[in-house]
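Right, one structure below, let's go through it.
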Amino acid sequence: MEWRASHILVKDKSLAQELLKKIKQGANFEALAREYSTCPSKTKGGDLGWVGPGKMVKPFEDAASRLGTGSISDVVSTQFGYHLIKVTGKK
C-alpha cells in the first residue's frame with residue numbers, strides 16, 4: 001500500500017495544535033503548509049508525493065497508514081518535529 005501524503009512540519013507542538021484547530025475550523029491545509037511548514041515541500045502545499053512502507057519514519061508512516069483519503073492526522077511527533085499529515089490518495 002502506498003499513500004499520497006501532504007504534511008505541515010513545525011518545531012513547536014503548540015503551533016501544530018493551533019494549526020490543526022484552524023484546519024478543523026475550515027482553514028486551507030495547503031495554504032497553512034506554505035506559510036508555516038519548515039519542510040521544503042511547503043512550496044507544493046506540503047505535498048510529499050507517493051510514499052509507502054519504509055519510505056518515512058515509523059511514527060509518520062503509522063499515522064498515514066491509518067488515515068482515510070482526505071483525512072488529516074492529529075499531531076504526530078517525530079525526530080524532525082511535529083507533523084500534521086493529510087492523505088490525498090491510496091493505491
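Just a few scattered comments:
- Placing a label point 7 Å from the Cα of Thr78 along the Cα-to-Cβ line, the residues of region 1-38 whose backbone N sits under 12 Å from it are 5-10.
- Counting DSSP beta bridges with both ends in the chain, the antiparallel % (nearest 5): 100
- Per-residue extension of 0.36 nm, minus the Cα-Cα distance of Lys44 and Lys21, leaves a gain of 6.1 nm for this segment.
- Whole-number percent relative contact order across the chain, with pairs defined as alpha carbons under 8 Å at least 6 apart: 43
- For Gly49, the amide hydrogen comes within under 5 Å of the amide hydrogens of Ala5, counting only partners 5 or more places away or on other chains and with H modelled in the peptide plane.
- DSSP H segments from the chain that extend 15 Å or more along their own axis, Cα-based, with Kyte-Doolittle mean of -0.5 or above: 13-24
Values quoted throughout were computed directly from the atomic coordinates according to the rules given, and no laboratory measurement underlies them. Bear in mind that the values here come from a model prediction, so they are computed numbers and not experimental data. When we count neighbours, we look across all protein chains shown, and the Cβ atoms used for this are built from the backbone with ideal geometry, even at glycine.
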